[in-house]
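The values are calculated or read from the model by the stated rules, or taken from the named source; none is laboratory data. Computed from a predicted structure; not experimentally measured. Neighbour counts run over all protein chains shown; Cβ positions are idealised from the backbone, glycine included.
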Amino acid sequence: NAGVTQTPKFQVLKTGQSMTLQCAQDMNHEYMSWYRQDPGMGLRLIHYSVGAGITDQGEVPNGYNVSRSTTEDFPLRLLSAAPSQTSVYFCASSYSFVRPYEQYFGPGTRLTVT
Amino acid sequence: DQQVKQNSPSLSVQEGRISILNCDYTNSMFDYFLWYKKYPAEGPTFLISISSIKDKNEDGRFTVFLNKSAKHLSLHIVPSQPGDSAVYFCAASADRGSTLGRLYFGRGTQLTVWP
């Protein structure tokens, strides 16, 4: 099992550019989520999905889109990058969507927006 | 407003001694609590959890204590080892209402264990 994989590991964008952060898991987990980690802010939930075709917003969804067409993949799209989106992004998955504890996290994508 | 709070950004402990990391929460609907550990340049990894029907859960050197009346939990590491040096995140969830499906994280505590 590869677990949760994220690509790319690093990315630099200019303000206004768009891009997609990729996330995939091979554990047949129903629940997947995206977090961002900023210095001194902990992890904040951006969007999550409780199964293919079902997504919902987390605490900080503005400026991001998600879709879940398969169980394995949960890409995060930045529509028009802003410097405030400079952060480390983590994708996570869990077997249970009712109790999304014991989430497995990917290694993260470090994004810089200039 | 943060619903899960870790008020100590850092903790330094000598190897072999006890490390105690603290966490407070404000939402009384939270009924499941977790601790995650994070090394630099890696994703967080699950460490230990506790349900609100318990007040203690133990796993090897790690014990989590829950005080529901005080809305407080703590993670004890005994004995502490240099490999325990990492950022520890407290997280909470609820199985009902608008918070269903979400984990709320604290800001983390950097633990440093020195020889």
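Tabulated data
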quantity: Any hit, the stretch A:56-64, residues being touching a residue at least 12 places away in the same chain (Cβ under 8 Å) and among the polar types (S, T, N, Q); calculated: no
quantity: Filtered residues of the stretch A:70-83 (kept if closer than 12 Å to A:M32 by Cβ and exposed (fewer than 14 other Cβ atoms within 10 Å of the Cβ)); calculated: A:T70
quantity: Residue, farthest from the other protein chains (Cβ to nearest Cβ), within the stretch A:79-109, restricted to residues that are in a loop (DSSP other than H, G, I, E, B) and at pLDDT 95 or above; calculated: A:S80
quantity: Residue in the stretch B:79-89 that is in contact (Cβ under 8 Å) with a residue 60 or more places away in the chain, more than 10 Å from chain A (Cβ to nearest Cβ) and within 28 Å of A:C23 (Cβ to Cβ) present; calculated: yes
quantity: Filtered residue count, the stretch B:4-29, keeping only those that are at pLDDT below 95, more than 13 Å from B:G108 (Cα to Cα) and out of contact with any Lys or Arg (no Cβ under 8 Å at 6 or more places or on another chain); calculated: 1
quantity: Qualifying residue in the stretch B:38-46 (condition: acidic (D, E), in contact (Cβ under 8 Å) with a residue 24 or more places away in the chain and either closer than 17 Å to A:G42 by Cβ or touching a strand residue (DSSP E or B) at 6+ places or on another chain (Cβ under 9 Å) (or both)); calculated: no
quantity: Scope the stretch B:21-48; condition of a type in the set (A, V, I, L, M), more than 11 Å from the chain's Cα centre (by Cα) and within 24 Å of B:A70 (Cβ to Cβ); matching residues; calculated: B:M29
quantity: Test: B:T26 is exposed (fewer than 15 other Cβ atoms within 10 Å of the Cβ) and either in contact with a helix residue (DSSP H, G or I) (Cβ under 9 Å, 6 or more places away or on another chain) or not basic (K, R) (or both); calculated: yes
quantity: First in the stretch B:9-22 and within 21 Å of A:M41 (Cα to Cα), second anywhere and outside any strand (DSSP E or B) and among the hydroxyl-bearing types (S, T, Y), Cβ under 7 Å, 6 or more apart; calculated: B:N22/B:S8
quantity: Which listed residue, of B:A70, B:A41, is aliphatic (A, V, I, L, M), more than 14 Å from chain A (Cβ to nearest Cβ) and in a loop (DSSP other than H, G, I, E, B); calculated: B:A70
quantity: Criterion violated by A:F74 - all others in (1) within 15 Å of A:T7 (Cβ to Cβ); (2) at the interface with another protein chain (Cβ under 10 Å from one of its Cβ atoms) satisfied; calculated: (2)
quantity: Residues of the stretch B:60-73 that turn out to be under 19 Å from B:E15 (Cα atoms) and either in contact (Cβ under 8 Å) with a residue 12 or more places away in the chain or surrounded by 14 or more Cβ atoms within 10 Å (Cβ to Cβ) (or both), as a count; calculated: 3
